[in-house]
1. Mind putting a number on the dipole of the protein assembly as shown about its Cα centre? Charges go on the C-beta only, +1 for Lys and Arg and -1 for Asp and Glu, and I need it in Debye to the nearest 20.
2. Using the alpha-carbon centroid of each, what span in Å lies between region B:400-436 and region C:324-342?
3. Could you work out how far helix B:39-49 tilts from the main Cα principal axis of chain B, as a 0 to 90 degree angle to the nearest 10?
4. How crowded by other chains is C:14-26, given as the mean number of beta carbons from other chains within 10 Å of each beta carbon?
5. What percent do you get for the relative contact order of chain A when only Cα pairs under 8 Å and 6+ apart count?
6. Per residue, how many Å² of accessible area does the protein assembly as shown show with a 1.4 Å probe?
7. Can you give the % of DSSP beta bridges in the protein assembly as shown that are antiparallel, to the nearest 5?
8. Report, largest value first, the span of the C-alpha coordinates of region A:1-132 along each principal axis, in whole Å.
Amino acid sequence: MTDTATNMRLKLPLTCFILEIIIIILFGVLVQYDKETDAKKWHLEKKNENKSDYDNDFYYRYPSFQDVHVMIFIGFGFLMTFLQRYGFGSVAFNFLISAFALQWATLMQGFLHGLHDGKIDIGVESMINADFCTGSVLISFGAVLGKTSPVQLLFMALFEVTLFAVNEFILLSVLDAKDAGGSMTIHTFGAYFGLMVARVLYRPNLDKSKQRNCSVYHSDMFAMIGTLYLWMFWPSFNSAITAHGDDQHRTAMNTYYSLAACTLSTFAMSSLTAHDGKLDMVHIQNAALAGGVAAGTAGEMMLTPVGSMIVGFLAGIISVLGFKYLTPILEEKLKIQDTCGVHNLHGMPGVLGAIVGAVTASLASREVYGDGLEDVFPKIANGDLSASTQGFRQAISLGVTLGIALLGGIVVGFILKLPVCGAPSDAICFEDNIYWEVPEDSPSHGDQLASVRTEESEKLNS
Amino acid sequence: MTDTATNMRLKLPLTCFILEIIIIILFGVLVQYDKETDAKKWHLEKKNENKSDYDNDFYYRYPSFQDVHVMIFIGFGFLMTFLQRYGFGSVAFNFLISAFALQWATLMQGFLHGLHDGKIDIGVESMINADFCTGSVLISFGAVLGKTSPVQLLFMALFEVTLFAVNEFILLSVLDAKDAGGSMTIHTFGAYFGLMVARVLYRPNLDKSKQRNCSVYHSDMFAMIGTLYLWMFWPSFNSAITAHGDDQHRTAMNTYYSLAACTLSTFAMSSLTAHDGKLDMVHIQNAALAGGVAAGTAGEMMLTPVGSMIVGFLAGIISVLGFKYLTPILEEKLKIQDTCGVHNLHGMPGVLGAIVGAVTASLASREVYGDGLEDVFPKIANGDLSASTQGFRQAISLGVTLGIALLGGIVVGFILKLPVCGAPSDAICFEDNIYWEVPEDSPSHGDQLASVRTEESEKLNS
Amino acid sequence: MTDTATNMRLKLPLTCFILEIIIIILFGVLVQYDKETDAKKWHLEKKNENKSDYDNDFYYRYPSFQDVHVMIFIGFGFLMTFLQRYGFGSVAFNFLISAFALQWATLMQGFLHGLHDGKIDIGVESMINADFCTGSVLISFGAVLGKTSPVQLLFMALFEVTLFAVNEFILLSVLDAKDAGGSMTIHTFGAYFGLMVARVLYRPNLDKSKQRNCSVYHSDMFAMIGTLYLWMFWPSFNSAITAHGDDQHRTAMNTYYSLAACTLSTFAMSSLTAHDGKLDMVHIQNAALAGGVAAGTAGEMMLTPVGSMIVGFLAGIISVLGFKYLTPILEEKLKIQDTCGVHNLHGMPGVLGAIVGAVTASLASREVYGDGLEDVFPKIANGDLSASTQGFRQAISLGVTLGIALLGGIVVGFILKLPVCGAPSDAICFEDNIYWEVPEDSPSHGDQLASVRTEESEKLNS
């Protein structure tokens, strides 16, 4: 009987409680206010260094943090509500794994980005970084949406956050790569990790659930809320942790124009490729965002406004083509069932963003950046690296990211296959009823599900 | 005939016009720009005190104000749209009473927080305080949701804002209590006031409307918009009026971690207590927010990150248990029909927050806070109060709040019982059709209502 | 056959690609980072003028920009989703034309607001101005909503943005008028331009589509998301480009109180004029916003809090009366089919705002504004203009705006009539199915449409 397998009564509470108690213990032992959130330290610093309250990083970054926060919880959460019977799971599992991942990311990133006297110092920048890491997990969630239990999702988040922090450490601290908006660390990593998990969790009989693997009119409207919040706040996402002043300003503006150009190429390609010249909501909801992904690495560089537009323009084209032609191939040939098409929104545009970043970095010079070179490329500015070496390291970083994501995704996929995780069977995917008390307002759907269940238990009994 | 009683044609316009005209007259007589919104005064101050435009409080607080504003209008408004046939009433009465309450609160708080030469000075901080006071009214609205006319709601707001201002004055100005995020002033007050109003307005035959006192699939999705905006922006809520610098920064971060921990304990408890281990949307929509309420008083203190998490963790557990076991008892034994379960989201977590605040305050010391002690506990810093006295006064403040809320709620409840207010009858609660032109897209519901009305008028005629 | 005319397969991709490629070429030739987004220039300026990163305008304006951005994409987009079968078109055509218009506006406003060495300098202020100009196009979109193809909308945006920039240039640079929140430049212009376009595109047989020209329960809920975001963020809209310090602070606050008062008069008037005293969602969704429009010009002036309230109060009354009594007259007598009632929300309140602005400006004095006079009325402060001349010029500006909008709208309307634009026929207006792949969840609507189409093709064949 399926019900036993997917029953969460003990599994989910145990998982949540154990994870949260471990986090609380580790926070108790390891985490402390940084010098800008600690009352005593901040007032000492203000006095000793003659600072004003505005020097507290809170005022530089908190508005961007809140925009990023909205992208994580509303943006990703509602983008995934397009499925007709998986709205609760989309928005609320997104909520659950984000709330977990941001705590775990604080610890993992804290370990790797350097302890202070054996302690992890936290403040608004670590909060942004924790949200960024969470974003990566949510991208992977998109690949397995509707086919996983909340326990599987929590385990995926646990391992993915850890690997994310390792990859991020290698890129930013070992290779000195730049990736402020995370084309590599967040998007490429999250997408290819999630695709590998989906590959390992391949479901040969998923077409039994295909009648629910599509949208209805209202679910597409809910999804547009997610799309638009991601689109509007992407300038804040890419600029949230860039250097103060021109860097944050330029990054936000580059992203703004990249997204605008991407939106036009997305509409054009959707109409060009879809049936009868009609527009396809899937493209608008997803591909129009590819411009933000592709500007993730180079957005803080002197990409120029026109450069940003060209990047966004190409990203939109690539992304729609991916939805139209690549996703079916991935599913049929490579057995990767990518529910949300994260390969098209985060995978390919992330790789494009990494390449654009490598090229742009290799062209950096003091002539173009002036003294601003120290903010964007400190290693070039102080002579440790040449621009071409920086570019080369950016390219290496893409390779490292792909390697860790692909390998990590396979390993974690196998962990999630353990029967104890309570995955739904192929015939009841994309269905809230498995894990949620669903109000009885859609008799037709209810009946449909009931019949599916009966069928299935008959099979199991036979 | 019910229609006469609930017909708003004269009552609502009259109430709105009279209230607004009184407000306009009082604003004309009493209210003026403060020295940061007045062109002349600000430029004088800039010149005389050698200030920059950044010293204008607008730049410290306006982003937080906007987040709070979203919580009031979208957060509370959509959180209450979970009812299947009360979406218009939820979001639009929320809109109406908020627009009124924030104006009235400006006057009431202005009177009590000190006039300047007989005038009320207003600026961004008074706007935040007005929104806070409005939040308290919306909490009470949650307790009586679906069972009140807009005229009743406006009267409730009128009296509740006034009592809120009195209670706030006693707490902050007489008792020198600290309550930046309003665990006491906003949440405890709003919840127990609303519960008492609901008690006085007890409807013995409310089960005639019970078929509409529940959600449908899409209304639960709309409610999640409200939940998530409250959750995401709660760090801004608690930090909106704390001192500049480390205080705002620390308060926001404490709230962030409290909410994250609360979300995990909420999912755990929901699965543990609900039928078949399935998750219950009511818990996710509400209890996951209890961590923000419970960090309302102590959030600005040196609660530590782990302390914040423990508080949030407990708040989630208490809140789910309240929904599961206490709400039915309140209804059956105490005759309190609490539509949204505000006792579980704001009542108990508010009391928890007040207690945590009292304990944390009683542990305050210059050793921990350094010179920051002056910002958080000015009376302890200048030697007027000992830490234990501060803690004691925090505890007294909770008692005062409960006393004023309970007594005030009873009195106001009896005022709202006056037939002139146009309350709906027991059989047509939770129904937009009474006060709204509802588009004719749900014949089944329309029929249902029509039959209810017929039944009822038959009864009235017999 | 209708399908050929409305088939977008070639038209829409070609239009999007050509427009975007033109934009990219013009950006490549003409557009550069301004001195606050360019790494080299900013660091030079910091060094030479001893500035801090906070002097970068990004920190003064970016939070307001993001609020404006949300108003454009979520606010306008969802406000127009009230139609039962035009949700995709409302939110996604809004998305498309905004993404185009903001790029085109950057160029048009850049040309007219002054080139620097033959280049257009861009930064956060130009981004806000581009979004503002986009808002004007969206207002016009509201007048023709559901009756136009995406190609028509892109052409309308192309021409309207251009005329907007010309009108804005005349008002702000030639006439030295003040209009920070755009009562004239944005609202009056957008409304009357759109009304003229609607007049030229008059559809005598539009009643064939009237069964879809109304809302359903859920579409009204989606529309409230748009309403509330517009309402909440309007203070940011009006203050986004006012001078730093008291000006931004005062403008935001004036708008806040204007909107609050407007909301009460809107509810009052809706109940007073609607059937049986029931409230009408159309009024709440629209008229409650008129207070923001009407405070668009005078919001930055010393309008006083009570003055702001009176303006908002009147705007709400005028707007509801317009919806109730004027819209039917416009349609029947003047043959202007104004889908969203933009005349009531943006037209009349915009004119009111212009008049209030002219009167308030004519009362300006150094006695009231102190040294702040230089920020609000630099020409009065330096003696170039008297206050009464400023007021007179404000009034002239309203006339110029009306003239350009009305004439421009007529001309552009005739351009949009060209058959190549692919407008839907009268019988299939307000219907997503024409331009969108719509999921098959509403058989009744589908059937209805199918029968409409059959009818129509029969007619065309006969």
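The values are calculated or read from the model by the stated rules, or taken from the named source; none is laboratory data. Please read all numbers here as calculations on a predicted model, not as lab measurements. Please note: Cβ atoms are built from the backbone with ideal geometry, for glycine as well, and neighbour counts cover all protein chains shown. We work out accessible area using only protein heavy atoms, side chains counted, and drop any ligands, DNA or RNA first. Shrake-Rupley method; radii C 1.70, N 1.55, O 1.52, S 1.80 Å.
1. 1360 debye
2. When both Cα centres are located, 40 Å separates them.
3. The angle comes out near 30 degrees.
4. The shielding value for this peptide is 5.
5. 23 percent
6. Here the per-residue accessible area is 29 Å².
7. In the protein assembly as shown, DSSP labels about 35 percent of beta bridges as antiparallel.
8. Projected onto its principal axes, the Cα set of region A:1-132 covers 68, 32, 22 Å.
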